[in-house]
1. Is the stretch 114-125 home to any residue that is at negative phi, part of a helix (DSSP H, G or I), surrounded by fewer than 19 Cβ atoms within 10 Å (Cβ to Cβ) and free of Cβ contacts under 8 Å to residues at least 12 places away in the same chain?
2. Within the stretch 110-131, which residues are out of contact with any helix residue (DSSP H, G or I) (no Cβ under 9 Å at 6 or more places or on another chain) and within 19 Å of residue 97 (Cβ to Cβ)?
């Protein structure tokens, strides 16, 4: 009799998508959840206040943040999210802002990645989210 092996799936990575454009949020959710591996579960919040309230509760592994929110714009959006998560949850930026200044400021403030809408493939998006969680979970990670 052959030994039985079980394949145990790792727990899903819980992504909080912070995006105020419903069409873009739907597209991004479908790109993240496109894998058959069920690696990601996505929650969507359409405004910064709701996102910050959600982040005050446990269960999120990574934030995917648009910098062009209605309440705040640019790096200030990232500052607002960081005020809640501190260095406990990685934040990946997904924005239309291709400016090197915005990229540099948010990365220097601790963003785990910076992706540009329309220039990022679903594979790159998924890989960036996965890597952010893996690197953040390492004890020696620079946060």
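1. Within the stretch 114-125, one or more residues are at negative phi, part of a helix (DSSP H, G or I), surrounded by fewer than 19 Cβ atoms within 10 Å (Cβ to Cβ) and free of Cβ contacts under 8 Å to residues at least 12 places away in the same chain.
2. 118, 119, 124, 128
Read the figures in this text as sums done on the coordinates, not as results from a lab. In this text, all values refer to a predicted model and were calculated from it rather than measured experimentally. Here the Cβ is made from the backbone with ideal geometry for all residues, glycine too, and neighbour counts use every protein chain on show.
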